[in-house]
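Below is one structure, written out as structure tokens, with a few remarks after it.
The values are calculated or read from the model by the stated rules, or taken from the named source; none is laboratory data. Predicted, not measured: the structure shown is a model, and the values here were computed from it. So basically every Cβ, Gly included, is an ideal-geometry build from the backbone, and we count neighbours across all protein chains shown.
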Amino acid sequence: MKFEEIMDRLRKVNEELQVETIPLERAMQLYEEGVKLSKQADEILSKAETRIKKLGD
Amino acid sequence: MEPLTVTEVSGMVKDTLRSSPKLNDIAVRGEVTGYTDRGHHYFSLKDENSVLKCVIWKSNAGSVDCLPLTDGTKVVAWGSISSWGGNSSYQLDVRKCTPEGRGELYRQYIELKEKLFKEGLFAPEAKVPIPAYPMKLGIVTSEKGAALQDMAKVFMAGPGMDITVADARVQGEGSADSVAAGIMALDGKVDLIIIGRGGGSLEDLWAFNEESLARAVFACGTPIISAVGHEIDEVITDLVADARASTPTAAAELVVKGMQRVLDEKKTLADSIAVMAEGHVASHRQALDAIDMSMWRKVLASRVDNQRTTAAGFKAELGHASSLHMANSRKRLDAGDMALRATWISALREKGMAAIYQSGARITEVSRLKKGGFEAVMKDGKVKGEVKDIEV
């Protein structure tokens, strides 16, 4: 998944968790997904280092 | 000969002026004097020997660039001579007006701006949104220019990103085509493109006012920020691009600040998810406590405990949440009332709020209560009671 897609999904997970009446199972599922997404995003970010190169190099 | 009325003579003068090709669509050079803005803009143009009354009607004012005028400035005004019969005077109805001295280039700039505007190249609906977190950035500018150095400084201090520079001539013969070629080479390969250069005179910046470059910016599928340091109001690429910045540095800051906002949002989301999950576990646990069936309680409570342990485990993995106390996390959730709600409920319970249950189900609205027995669960125990009257 691309970073922006991960962010979109994180927003949705957070939004669904705000609903007080969701079953516990679902809450735990969302939580696990949130943690995974957060890790994925961190991985992408940690690999990104600012590099400036010339076109064609 | 029958004498004419004054009105008849006025009308004849008016018609003569209106039908004279020599007095229609003319450009007049002169110095502005007696300028007043009364909705319509009134002034006169003068030279050594004569004075000509001029007016820019309110309905035209929007398309005249040089308003408000200043007495003493030399301008070229385009328009037609007309007469208002009432006082038999004549004036220049001005449709366009540019400060003199900017000369031919300025006129070309104004004309191209009008042309491209009519074609819809500046239309908001044609603009592509600037990505909030561009991992790959393209820059079209001179690799020897100060603009690139200025931008590099900002980007090196910001979040990590892959930057590709397409070297281009940004001044002089062939520069518009050179920048256009850079855009085409980067289009589709990066998430965002910045084109630009440092400030200069209208002549220095001319590449960014050329039609071929304007069309290349418009045709580019990748979002573009135009970042040209300039003295005049704007260059044409500012208007065609998806976003504009007043200098290359400002463009870099715009991008980096946007990325920083996304990183902050990510932290807030991760914290909020941990807090909300914790809230769900806590509220389910309280619901279980209230069910007076010890076997079920045992089974379910152990399940919740398991899930809670899992949750705690994951929470530890969550870099941002692990070191924070819940209270600390909560403070950071200024993101919204929604996120605060679950924690608010437990806080209320701390203060003595009770949860009401009937037949093992939690009742959150009076309208769902039935007459008969109920249980109220507080922080440290529960009471049994009976519903006698219900008022909604």
request  = Could you please let me know if A:I52 is aliphatic (A, V, I, L, M), facing another protein chain (nearest Cβ under 8 Å), over 17 Å from B:E265 (Cα atoms) and part of a strand (DSSP E or B)?
outcome  = yes
inquiry  = Which pairs turn up if I take residues in region A:8-35 that are more than 14 Å from B:A270 (Cβ to Cβ) and look for partners that are crowded, with 23+ Cβ neighbours inside 10 Å and of a type in the set (S, T, N, Q) with beta carbon separation below 9 Å, at least 6 apart in sequence or on another chain?
reply    = A:Q18/B:S272
task = Please go through region A:1-25 and pick out each residue that is more than 23 Å from B:Q260 (Cβ to Cβ), facing chain B (nearest Cβ under 8 Å) and assigned to a helix (DSSP H, G or I).
result = A:L17, A:L24
key: Extreme residue, farthest from the other protein chains (Cβ to nearest Cβ), among residues of region B:105-131 that are among the basic types (K, R) and either surrounded by 14 or more Cβ atoms within 10 Å (Cβ to Cβ) or in a strand (DSSP E or B) (or both)   = B:R107
message = I'd like to check something: does region B:198-214 contain any residue that is more than 30 Å from B:T98 (Cα to Cα) and outside any loop (DSSP other than H, G, I, E, B)?
response = no
task = For A:K47, state whether it is facing chain B (nearest Cβ under 7 Å), more than 22 Å from B:I130 (Cα to Cα), out of contact with any Phe, Trp or Tyr (no Cβ under 8 Å at 6 or more places or on another chain) and surrounded by fewer than 16 Cβ atoms within 10 Å (Cβ to Cβ).
result = no
Neighbours by Cβ (under 6 Å, 6+ apart or cross-chain): first from region B:137-165, over 21 Å from B:S175 (Cβ atoms); second part of a helix (DSSP H, G or I) and among the small types (G, A, S) = B:V154/B:A252; B:F155/B:A252
remark   = Conditions (1) out of contact with any Ser or Thr (no Cβ under 6 Å at 6 or more places or on another chain); (2) at the interface with chain B (Cβ under 7 Å from one of its Cβ atoms) -> A:Q40 fails only (2)
query = Does B:G72 qualify as being of a type in the set (G, A, S), buried (at least 16 other Cβ atoms within 10 Å of the Cβ) and in contact (Cβ under 8 Å) with a residue 12 or more places away in the chain?
reply = no
key: Residue match in region B:247-270 (condition: touching a Lys or Arg at 6+ places or on another chain (Cβ under 7 Å) and within 8 Å of chain A (Cβ to nearest Cβ))   = yes
ask   = So which residues in region B:132-188 are part of a loop (DSSP other than H, G, I, E, B) and buried (at least 21 other Cβ atoms within 10 Å of the Cβ)?
value = B:Y133, B:P134, B:M161, B:A168, B:V170
message = Of everything in region B:28-56, what is out of contact with any Gly (no Cβ under 9 Å at 6 or more places or on another chain), exposed (fewer than 14 other Cβ atoms within 10 Å of the Cβ) and either within 24 Å of B:Y106 (Cα to Cα) or polar (S, T, N, Q) (or both)? Give them in sequence order.
response = B:R29, B:T36, B:N49
remark   = Going through region B:231-253 in order, the residues found to be assigned to a loop (DSSP other than H, G, I, E, B) and either at pLDDT 95 or above or basic (K, R) (or both) are B:A241, B:D242
request  = Output the qualifying pairs, or none if there are none: Cβ atoms under 7 angstrom, residues six or more apart or on different chains, first residue in region B:233-262 and more than 20 Å from B:G199 (Cβ to Cβ) and assigned by TED's automatic domain parsing to the domain that holds B:E203, second residue of a type in the set (A, V, I, L, M, F, W, C) and surrounded by fewer than 24 Cβ atoms within 10 Å (Cβ to Cβ).
outcome  = B:D242/B:V128; B:D242/B:I130
